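Heads up: the structure comes next, in C-alpha coordinates.
The values are calculated or read from the model by the stated rules, or taken from the named source; none is laboratory data. Just so it is clear, the structure is predicted and the values come from calculations on it, not from any experiment. FYI the Cβ positions are ideal-geometry reconstructions off the backbone, even for glycines, and counts take in every protein chain you see. Remember, those area values only see protein heavy atoms, side chains included, never the ligands or the DNA or RNA. Shrake-Rupley method; radii C 1.70, N 1.55, O 1.52, S 1.80 Å.
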Amino acid sequence: MLVGTRVTVRPVAAEDGAAFVVLARQSLRLHRHLIYAPTTATEFGRYLARFDGVAAVGFVVRLNGSGELAGLVNINDISWTPERRGFLGFGGFAATSGHGYVGEAVRLVVRYAFEDLGLDRLEADVQPVNAASRKVVERAGFRLVASPPKAIRIDGEWRDHERWVLTAEPGRRRGGGG
(Lines give C-alpha, C1' and ligand atoms only; values in the text may rest on other atoms or scores of the structure.)
Protein backbone atom coordinates (compact mmCIF):
# COMPACT_ATOMS: atom_id res chain seq x y z
CA MET A 1 0.00 0.00 0.00
CA LEU A 2 1.05 3.55 -0.72
CA VAL A 3 -0.35 5.99 1.82
CA GLY A 4 -0.65 9.70 1.16
CA THR A 5 -2.21 12.59 3.02
CA ARG A 6 -5.71 12.06 1.63
CA VAL A 7 -5.56 8.80 -0.33
CA THR A 8 -4.26 5.26 -0.12
CA VAL A 9 -3.20 3.42 -3.25
CA ARG A 10 -3.16 -0.36 -3.33
CA PRO A 11 -3.11 -3.07 -6.00
CA VAL A 12 -6.47 -3.56 -7.69
CA ALA A 13 -8.12 -6.82 -6.61
CA ALA A 14 -11.19 -8.90 -7.42
CA GLU A 15 -13.03 -7.51 -4.38
CA ASP A 16 -12.86 -4.04 -5.97
CA GLY A 17 -14.91 -5.24 -8.95
CA ALA A 18 -18.49 -4.47 -7.91
CA ALA A 19 -17.81 -0.93 -6.66
CA PHE A 20 -15.40 -0.20 -9.52
CA VAL A 21 -17.95 -1.21 -12.18
CA VAL A 22 -20.73 0.86 -10.57
CA LEU A 23 -18.48 3.93 -10.34
CA ALA A 24 -17.21 3.46 -13.91
CA ARG A 25 -20.81 3.34 -15.16
CA GLN A 26 -21.64 6.50 -13.21
CA SER A 27 -18.57 8.15 -14.75
CA LEU A 28 -19.28 7.41 -18.42
CA ARG A 29 -19.79 11.11 -19.24
CA LEU A 30 -16.57 12.04 -17.42
CA HIS A 31 -14.55 9.31 -19.15
CA ARG A 32 -16.15 9.59 -22.60
CA HIS A 33 -13.46 9.64 -25.28
CA LEU A 34 -10.73 10.09 -22.65
CA ILE A 35 -10.10 6.75 -20.92
CA TYR A 36 -11.45 3.23 -20.82
CA ALA A 37 -12.73 1.91 -17.49
CA PRO A 38 -14.57 -1.43 -17.32
CA THR A 39 -18.33 -1.13 -16.80
CA THR A 40 -19.27 -4.82 -16.52
CA ALA A 41 -18.05 -7.69 -14.35
CA THR A 42 -16.67 -9.45 -17.44
CA GLU A 43 -14.75 -6.35 -18.54
CA PHE A 44 -13.42 -5.90 -15.00
CA GLY A 45 -12.19 -9.52 -15.00
CA ARG A 46 -10.24 -8.90 -18.22
CA TYR A 47 -8.95 -5.59 -16.81
CA LEU A 48 -7.74 -7.28 -13.62
CA ALA A 49 -6.05 -10.09 -15.57
CA ARG A 50 -3.80 -7.55 -17.35
CA PHE A 51 -1.92 -6.74 -14.16
CA ASP A 52 0.69 -9.46 -13.81
CA GLY A 53 3.16 -7.38 -11.77
CA VAL A 54 5.80 -7.62 -14.50
CA ALA A 55 4.43 -6.08 -17.71
CA ALA A 56 1.71 -4.10 -15.96
CA VAL A 57 0.66 -3.07 -12.46
CA GLY A 58 -2.74 -1.69 -11.57
CA PHE A 59 -3.91 0.21 -8.52
CA VAL A 60 -7.09 1.57 -7.02
CA VAL A 61 -7.25 4.88 -5.20
CA ARG A 62 -9.21 4.98 -1.94
CA LEU A 63 -9.95 7.96 0.26
CA ASN A 64 -8.34 7.82 3.68
CA GLY A 65 -10.96 7.63 6.38
CA SER A 66 -14.02 6.63 4.37
CA GLY A 67 -12.30 4.06 2.13
CA GLU A 68 -14.39 5.31 -0.80
CA LEU A 69 -13.04 4.30 -4.21
CA ALA A 70 -11.86 7.46 -5.99
CA GLY A 71 -9.94 6.30 -9.04
CA LEU A 72 -7.33 4.14 -10.71
CA VAL A 73 -3.67 4.37 -11.63
CA ASN A 74 -1.83 1.88 -13.83
CA ILE A 75 1.66 1.37 -15.17
CA ASN A 76 1.35 -0.49 -18.46
CA ASP A 77 3.69 -1.84 -21.13
CA ILE A 78 6.59 -2.04 -18.69
CA SER A 79 9.85 -2.68 -20.50
CA TRP A 80 12.77 -3.96 -18.44
CA THR A 81 15.53 -3.93 -21.07
CA PRO A 82 17.31 -2.08 -22.51
CA GLU A 83 15.42 0.82 -20.94
CA ARG A 84 13.36 0.40 -17.80
CA ARG A 85 10.19 2.31 -18.61
CA GLY A 86 6.43 2.13 -18.40
CA PHE A 87 3.33 4.02 -19.50
CA LEU A 88 1.21 5.67 -16.84
CA GLY A 89 -2.56 5.58 -17.05
CA PHE A 90 -4.97 7.12 -14.56
CA GLY A 91 -8.51 8.28 -14.04
CA GLY A 92 -10.94 9.38 -11.39
CA PHE A 93 -14.59 8.64 -10.80
CA ALA A 94 -17.28 11.30 -11.15
CA ALA A 95 -18.40 11.07 -7.51
CA THR A 96 -15.01 12.28 -6.24
CA SER A 97 -13.56 14.17 -9.22
CA GLY A 98 -12.13 17.65 -8.97
CA HIS A 99 -10.56 17.30 -5.53
CA GLY A 100 -7.02 16.30 -6.53
CA TYR A 101 -7.26 12.74 -5.22
CA VAL A 102 -6.01 11.14 -8.43
CA GLY A 103 -3.20 13.68 -8.66
CA GLU A 104 -2.00 12.71 -5.19
CA ALA A 105 -2.28 9.03 -6.13
CA VAL A 106 -0.28 9.56 -9.33
CA ARG A 107 2.54 11.18 -7.34
CA LEU A 108 2.58 8.18 -4.97
CA VAL A 109 2.69 5.74 -7.90
CA VAL A 110 5.46 7.74 -9.60
CA ARG A 111 7.57 7.41 -6.44
CA TYR A 112 6.77 3.67 -6.34
CA ALA A 113 7.72 3.27 -10.02
CA PHE A 114 11.15 4.79 -9.55
CA GLU A 115 12.04 3.76 -6.01
CA ASP A 116 10.43 0.31 -5.71
CA LEU A 117 10.07 -1.00 -9.27
CA GLY A 118 13.33 0.59 -10.36
CA LEU A 119 12.06 2.17 -13.56
CA ASP A 120 14.12 4.88 -15.25
CA ARG A 121 11.32 6.53 -17.22
CA LEU A 122 7.56 6.97 -17.12
CA GLU A 123 5.52 8.20 -20.04
CA ALA A 124 1.93 9.42 -20.09
CA ASP A 125 -0.21 10.07 -23.15
CA VAL A 126 -2.80 12.80 -22.55
CA GLN A 127 -5.34 14.17 -24.98
CA PRO A 128 -4.74 17.90 -25.57
CA VAL A 129 -8.37 18.70 -24.62
CA ASN A 130 -8.03 16.99 -21.23
CA ALA A 131 -6.98 19.92 -19.03
CA ALA A 132 -7.46 17.99 -15.78
CA SER A 133 -5.08 15.20 -16.83
CA ARG A 134 -2.55 17.70 -18.15
CA LYS A 135 -2.60 19.33 -14.71
CA VAL A 136 -2.04 15.95 -13.03
CA VAL A 137 1.06 15.12 -15.08
CA GLU A 138 2.45 18.66 -14.85
CA ARG A 139 2.14 18.64 -11.04
CA ALA A 140 3.81 15.23 -10.92
CA GLY A 141 6.83 16.69 -12.74
CA PHE A 142 6.29 15.31 -16.24
CA ARG A 143 7.41 17.39 -19.23
CA LEU A 144 5.78 17.55 -22.65
CA VAL A 145 8.03 15.99 -25.31
CA ALA A 146 5.84 15.22 -28.32
CA SER A 147 2.34 15.36 -29.75
CA PRO A 148 1.80 12.23 -31.84
CA PRO A 149 -1.40 12.49 -33.89
CA LYS A 150 -3.97 9.71 -33.69
CA ALA A 151 -1.87 7.95 -31.04
CA ILE A 152 -4.46 5.92 -29.10
CA ARG A 153 -7.75 4.31 -30.04
CA ILE A 154 -10.58 5.13 -27.60
CA ASP A 155 -14.26 4.43 -28.23
CA GLY A 156 -13.38 3.08 -31.68
CA GLU A 157 -11.61 6.24 -32.86
CA TRP A 158 -7.93 7.14 -33.09
CA ARG A 159 -7.33 10.26 -30.99
CA ASP A 160 -4.53 12.81 -30.78
CA HIS A 161 -2.42 12.72 -27.63
CA GLU A 162 0.48 14.57 -26.09
CA ARG A 163 3.41 12.50 -24.81
CA TRP A 164 4.58 13.53 -21.35
CA VAL A 165 7.77 12.07 -19.83
CA LEU A 166 9.32 11.88 -16.39
CA THR A 167 12.73 10.33 -15.73
CA ALA A 168 14.16 9.08 -12.48
CA GLU A 169 16.42 11.44 -10.64
CA PRO A 170 20.03 10.22 -10.37
CA GLY A 171 20.39 7.97 -7.35
CA ARG A 172 16.62 7.65 -6.87
CA ARG A 173 16.15 4.23 -8.45
CA ARG A 174 16.36 1.44 -5.88
CA GLY A 175 14.12 -1.41 -6.97
CA GLY A 176 14.79 -4.31 -9.20
CA GLY A 177 11.58 -5.49 -10.94
CA GLY A 178 11.56 -7.59 -14.12
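Annotations
- Dipole size of the stretch 1-106 about its Cα centre, with +1 on Lys/Arg Cβ and -1 on Asp/Glu Cβ: approximately 180 debye, rounded to the nearest 20.
- Taking Cα centre as origin and charging only the Cβ of basic (Lys, Arg, +1) and acidic (Asp, Glu, -1) residues, the dipole magnitude of the stretch 62-162 rounds to 160 debye.
- Label-to-label distance for A49 and R6 is 3.6 nm, based on points extended 7 Å past Cα in the beta-carbon direction.
- GNM result for the chain, Cα springs below 10 Å: residue of E138, E157, E68 fluctuating most strongly: E157
- Global geometry of the stretch 48-148, whether rounded, prolate or oblate, following the gyration tensor of its Cα atoms and the 1.5 cut on a/c: oblate
- The residues S97, S66, S79, sorted by heavy-atom accessible surface at 1.4 Å with ligands and nucleic acids left out, run S66, S97, S79 from largest to smallest.
- Environment charge at L48 (Cβ cut-off 11 Å; Lys +1, Arg +1, Asp -1, Glu -1): -2
- FRET efficiency, 1/(1 + (r/R0)^6) with R0 30 Å, evaluated for W80 and R139 via beta carbons: 0.60
- Relative contact order of the chain, taken over Cα pairs closer than 8 Å and 6 or more residues apart, is 20 percent.
- Count Lys and Arg as plus one, Asp and Glu as minus one, and take only other residues whose Cβ is under 15 Å from that of L144; the net charge is then +1.
- Simple point charges give the picture: +1 on the Cβ of Lys and Arg, -1 on the Cβ of Asp and Glu, and for the chain a dipole about the Cα centre of about 280 debye.
- Cut-off under 5 Å, modelled amide H: who pairs with N64 long-range: V7, T8
- Within the full protein context, the accessible area of R25 is estimated at about 130 Å² for a probe radius of 1.4 Å.
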